[in-house]
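K.L.:
The structure that follows is given in the form of structure tokens.
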Amino acid sequence: MLKVAVIGLGDISKIHIPAIQANPNAKLVAICDLDESLKDTIPGVNFYTDYNEMLEKENLDVVHNCLPHYLHYPVTRDCVEAGVHVFQEKPLGLNTEEGQALVKLEEDHSDVKIGVCLQNRYNESFEMLMEIVKGGEYGKVTGVKGLVAWYRPKAYYDVKPWRGKMAYAGGGSMINQSLHTLDLIQLVGGKIESIRGSVDQLLDYGIEVEDTASAHILFENGARGLFFSTNANPENSSVELEVYLEKGKFIIKDSILTRINEEGKKEELVEDAKLPGSKFYYGASHAKTINQFYNCILQGTHDYVHAKDAVVSIQMIDAIRLSSEIKQSIKMEG
């Protein structure tokens with residue numbers, strides 16, 4: 001039985017905690033947050049305001065890092081150095097430098113696992129799409145398009161000011177709302193050669209981070225990619241991922257994978273499991289991702305999203321931002 005703790009009791013913890021409680025091989029023994037009013041959030045579970053005290057007093061196997069972005073690296077580092085496995089929410093870090101530091105941390109502590117919550121990799125639609133791409137029946141990938149058109153009111157940033165500050169969030173629509181889409185784009189398209197990007201603020205919110213970004217991506221295999229993300233849409237629209245193959249086209253939209261045949265007709269292939277409630281855009285694969293990580297801990301296997309896997313999307317964001325600043329394409333390293 002894995003002894004589990006959660007650090008950070010914000011919005012995303014409400015997705016993690018039920019998944020932990022539903023897993024028969026895990027027991028939630030502690031929670032931690034600076035806000036003492038959350039002490040009775042889960043009856044019978046020890047509450048801490050200092051995660052270092054929690055690490056010292058509890059004999060933990062796994063910690064879920066559900067903190068704001070700027071606390072991902074330092075808190076994960078402290079947990080790993082204490083010998084505790086970490087399941088960390090995205091993003092991997094504020095930037096490539098922090099991401100690489102977590103990759104090195106992973107390499108230096110090979111006995112401790114760092115699993116990154118890029119749960120959309122485990123959506124049924126994307127799993128089938130990757131099977132199709134790898135199967136080769138439709139030929140090679142020639143193009144990928146990812147669109148994220150969402151809405152965030154000014155109150156979203158006012159209620160949690162860290163979201164609007166580069167030093168604490170590491171960015172806006174790219175790192176907060178669209179990182180999953182960037183991650184899927186690079187998984188489908190393969191190794192990236194270069195990116196030309198543009199970031200902007202279309203909303204008059206007085207924040208430091210971007211609310212809109214776009215990019216043209218060149219892959220080493222010759223495929224091309226288009227990425228567009230905004231928080232200036234009138235409402236939250238479905239994320240779209242469109243993949244062009246030599247002999248076919250596939251679209252994930254409204255959580256359904258569809259094949260477009262030669263006549264332009266649509267054939268629905270699979271639909272993702274749904275997450276109850278208003279935040280449908282989280283997807284329903286958090287539990288699958290968490291359970292997979294736990295199984296790897298218990299069985300000593302490695303089939304989970306490592307820091308080295310998650311760093312690519314952070315590198316893409318930094319490249320798009322730099323490209324926007326210098327008005328040139330950026331070669332991707334590594």
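The values are calculated or read from the model by the stated rules, or taken from the named source; none is laboratory data. Because the structure is predicted, anything quoted here is derived from the model rather than measured. Backbone-built Cβ (ideal geometry, glycine too); neighbour counts: all protein chains shown. To get the accessible areas, we keep the full protein, side chains included, count just its heavy atoms, and leave off ligands, DNA and RNA. Shrake-Rupley method; radii C 1.70, N 1.55, O 1.52, S 1.80 Å.
K.L.:
Test each condition in (1) without any contact (Cβ under 8 Å) to a residue 40 or more places away in the chain; (2) under 22 Å from Asn95 (Cβ atoms) for Arg196 and report the one that comes out false.
P.N.:
(1)
K.L.:
With (1) surrounded by fewer than 18 Cβ atoms within 10 Å (Cβ to Cβ); (2) farther than 22 Å from Ile132 by Cα; (3) of a type in the set (S, T, N, Q); (4) in contact (Cβ under 8 Å) with a residue 12 or more places away in the chain as the list, and Ser313 as the residue in question, which single condition is left unmet?
P.N.:
(1)
K.L.:
Tell me, please, whether a residue that is open to solvent by 30 Å² or more (accessible area, probe 1.4 Å) and in contact with a strand residue (DSSP E or B) (Cβ under 6 Å, 6 or more places away or on another chain) can be found in region 113-127.
P.N.:
The answer is yes; a qualifying residue exists.
K.L.:
Pairs only if they're at least six apart or on different chains, beta carbon under 8 angstrom, first in region 289-309 and surrounded by fewer than 23 Cβ atoms within 10 Å (Cβ to Cβ), second in a helix (DSSP H, G or I) and aliphatic (A, V, I, L, M); list them, first residue then second.
P.N.:
Asn291/Ala19; Lys308/Val103
K.L.:
So which residues in region 98-112 are in a helix (DSSP H, G or I), among the small types (Gly, Ala, Ser) and either open to solvent by 10 Å² or more (accessible area, probe 1.4 Å) or at pLDDT below 95 (or both), if there are any at all?
P.N.:
Let us first name the residues in region 98-112 that are in a helix (DSSP H, G or I), namely 98-108.
Now narrow it down to the ones that are among the small types (Gly, Ala, Ser): 99, 101.
Within region 98-112, just Ala101 meets the criteria.
K.L.:
Any idea which residue in region 257-287 is farthest from Tyr151 (Cα to Cα), counting only those that are acidic (Asp, Glu) and modelled with pLDDT of 85 or more? Give the derivation first.
P.N.:
To start, the set of residues in region 257-287 that are acidic (Asp, Glu) comprises 262-263, 267-268, 271-272.
Still in the running and modelled with pLDDT of 85 or more: 267-268, 271-272.
On the way: Glu267: 30, Glu268: 27, Glu271: 24, Asp272: 22 Å.
That would be Glu267.
K.L.:
Could you tell me which of the residues Leu187, Leu182 is open to solvent by 40 Å² or more (accessible area, probe 1.4 Å), assigned to a helix (DSSP H, G or I), in contact with a helix residue (DSSP H, G or I) (Cβ under 9 Å, 6 or more places away or on another chain) and within 29 Å of Thr258 (Cβ to Cβ)? Don't jump to the end; show me each part of the working.
P.N.:
Values: Leu182 fails: open to solvent by 40 Å² or more (accessible area, probe 1.4 Å).
When all the criteria are applied, what remains is Leu187.
K.L.:
Right, another one. Only residues in region 38-56 that are within 16 Å of Val4 (Cα to Cα) count as the first member; pair them with residues that are surrounded by 16 or more Cβ atoms within 10 Å (Cβ to Cβ) and among the hydroxyl-bearing types (Ser, Thr, Tyr), Cβ under 6 angstrom, at least 6 apart or cross-chain, and list the lot.
P.N.:
Close Cβ pairs satisfying both conditions: Met54/Tyr48.
K.L.:
Going through Ile195, Ile207 one at a time, which residue ends up being in contact with a Ser or Thr (Cβ under 9 Å, 6 or more places away or on another chain), among the β-branched types (Val, Ile, Thr) and open to solvent by less than 60 Å² (accessible area, probe 1.4 Å)?
P.N.:
Going through Ile195, Ile207 in turn, just one is in contact with a Ser or Thr (Cβ under 9 Å, 6 or more places away or on another chain), among the β-branched types (Val, Ile, Thr) and open to solvent by less than 60 Å² (accessible area, probe 1.4 Å): Ile195.
K.L.:
Can you pull out the residues in region 128-146 that are part of a strand (DSSP E or B) and crowded, with 20+ Cβ neighbours inside 10 Å?
P.N.:
If the condition is that a residue be part of a strand (DSSP E or B) and crowded, with 20+ Cβ neighbours inside 10 Å, then Val141, Val144, Gly146 are the ones that fit.
K.L.:
A further question on this structure: From the list Val270, Val243, which residue is part of a strand (DSSP E or B), touching a residue at least 12 places away in the same chain (Cβ under 8 Å) and within 21 Å of the chain's Cα centre (by Cα)?
P.N.:
One residue alone meets the criteria, Val243.
K.L.:
Could you tell me whether Asn46 is among the polar types (S, T, N, Q) and open to solvent by 70 Å² or more (accessible area, probe 1.4 Å)?
P.N.:
yes
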